[in-house]
Amino acid sequence: MPADAGGLGFVRNTCFFLEAIECDEWHGRTADPVTEIPMRLGELCFPRDAVEEFAKWSGDRNPLHLDADYASKSQFGQTIVHGVLVSLRAIELWLFQAGASAPHGLSEISATFMKPVFSGELLVVHSENQKGGRVRLSVEADGTVLVRIAIREQGARNPVEDWDAPFDRS
């Protein structure tokens with residue numbers, strides 16, 4: 001596993017940890033498999049210092065992410081992780097697990113933030129590869145989907161569709 005990826009680190013001893021969980025389901029897949037059932041890619045967790053580091057890096061210093069007193073009075077009741085940070089790390093995990101079969105580029109990414117992600121929360125990332133270079137990722141905590149990400153690989157013919165719209169598998 002690389003020691004650093006993208007400036008914010010990649011493994012436990014940097015600003016946050018990402019454990020790539022090897023899945024029996026993943027081994028033996030080809031570059032563009034079509035799966036009916038989402039595959040578990042691995043786990044993510046964002047401790048408070050990771051959120052603070054991302055805020056410095058991105059310039060997003062919204063008090064919902066950084067100020068525990070302010071966030072405690074919000075609809076969330078506590079600080080939340082930046083949605084972009086969660087999305088980027090989920091995509092990074094997907095690309096890491098894909099290894100040699102990873103796409104050379106992404107042409108479209110669409111994220112839907114269903115529920116907040118809290119610091120220290122253990123997240124599980126699942127992927128579902130679709131026909132035509134499309135992939136869906138879900139980020140979950142305790143079986144609840146928090147973030148949905150739809151991706152179109154560079155060179156894919158069809159645009160990313162809404163998450164809930166059925167894909168044409170013909």
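A few remarks follow.
- Residues (in contact with a helix residue (DSSP H, G or I) (Cβ under 6 Å, 6 or more places away or on another chain) and more than 21 Å from residue 59 (Cα to Cα)) located in the stretch 75-118: 102
- Candidates 145, 125, 84, 139 - the one that is open to solvent by 30 Å² or more (accessible area, probe 1.4 Å), β-branched (Val, Ile, Thr) and in a strand (DSSP E or B): 145
- Members of the stretch 111-137 found to be modelled with pLDDT under 95, polar (S, T, N, Q) and closer than 25 Å to residue 48 by Cα, listed by number: 119
- Identity of the residue in the stretch 111-122, without any contact (Cβ under 8 Å) to a residue 40 or more places away in the chain and under 14 Å from residue 150 (Cα atoms), that ends up least open to solvent (accessible area, probe 1.4 Å): 111
- Long-range neighbours under 9 Å by Cβ, at least six apart or interchain, first residue free of Cβ contacts under 8 Å to residues at least 12 places away in the same chain and among the aromatic types (Phe, Trp, Tyr) within the stretch 45-72, second buried (at least 16 other Cβ atoms within 10 Å of the Cβ) and not in a helix (DSSP H, G or I): 70/79
- Residue match in the stretch 98-107 (condition: open to solvent by less than 40 Å² (accessible area, probe 1.4 Å), closer than 19 Å to residue 45 by Cβ and not basic (Lys, Arg)): no
- Summed over the stretch 132-146, the residues that are in contact (Cβ under 8 Å) with a residue 40 or more places away in the chain and under 14 Å from residue 122 (Cβ atoms) give a count of 2.
- Candidate set from the stretch 84-110 (those that are within 10 Å of residue 149 (Cα to Cα) and over 9 Å from the mean Cα position of the chain (by Cα)); member that is modelled with the highest pLDDT: 110
The values are calculated or read from the model by the stated rules, or taken from the named source; none is laboratory data. Computed from a predicted model, the values in this text were never measured in an experiment. Virtual Cβ from ideal backbone geometry, glycine too; neighbours counted across all protein chains shown. With ligands, DNA and RNA removed, areas are computed over all heavy atoms of the protein, side chains included. Shrake-Rupley method; radii C 1.70, N 1.55, O 1.52, S 1.80 Å.
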